[in-house]
Amino acid sequence: MKIGIAADHGGYELKEIIHPFLESLGYEVTDYGAFELDNTDDYPDFVVPMGRALADKELDRAIAICGSGVGASVAANKIAGVRAALINDHFSAHQGVEDDDLNMLCLGGRVTGYMAAQELITAFLTARFTGAERHMRRLHKVHLLEK
Ligand code: RB5
């Protein structure tokens, strides 16, 4: 499974921790930056290139981290084919995939601790979209918004 990770300065520290965690689980990880802590950088500069790669199917899933996770999710959801959400609880981390085909997990680097992030990421990456008719119907209505 190919996983993208991206973070601004608010998420940089958590990204640096989860990168080796993902590799230890056997995932192929592409890092879209930031590659150093720069308190003046902007989350769209990292999240948008990763979102485009996700939409182009170069990635299977993606994890975006900013300070709160809000800006990352707002930016990512502007890209057709990206279904991103700020996640702070275990249930939503897997149910978002199962029901809504969530493909980008957004985390707040200043909100979510490392161990909680590990659990949310594991729930997100091991979940699968059920493909149930009611969920397909709802997603179709969402896809129409991208036209
Ligand atoms: C950066 O200071 C912060 O605003 C950003 O990381 C993010 O939290 C925005 O939603």
> When you scan segment 26-52, how many residues do you find that are without any contact (Cβ under 8 Å) to a residue 24 or more places away in the chain and farther than 22 Å from residue 111 by Cα?
Replying inline: 1
> Scanning for something among the hydroxyl-bearing types (Ser, Thr, Tyr), free of Cβ contacts under 8 Å to residues at least 40 places away in the same chain and touching a helix residue (DSSP H, G or I) at 6+ places or on another chain (Cβ under 6 Å), does segment 112-122 turn up at least one residue?
Replying inline: no
>> Quick check on residue 8: is it among the charged types (D, E, K, R), surrounded by 18 or more Cβ atoms within 10 Å (Cβ to Cβ), within 16 Å of the ligand (Cβ to nearest atom) and touching a residue at least 12 places away in the same chain (Cβ under 8 Å)?
In response: yes
> Restricting the search to segment 127-147, which residues are loosely packed, with under 12 Cβ neighbours inside 10 Å, of a type in the set (Lys, Arg) and at pLDDT 95 or above?
Replying inline: 128, 134, 137, 141
> Looking at segment 34-109, what helices (runs of 4 or more DSSP H) fall wholly within it and have at least 3 residues that are away from the ligand (no atom under 16 Å from the Cβ) and among the acidic types (Asp, Glu)?
Replying inline: 90-100
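The values are calculated or read from the model by the stated rules, or taken from the named source; none is laboratory data. As the structure is a prediction and not an experimental result, all values here were calculated from the model. Cβ: placed from backbone, ideal geometry, glycine included. Neighbour counts: every protein chain shown.
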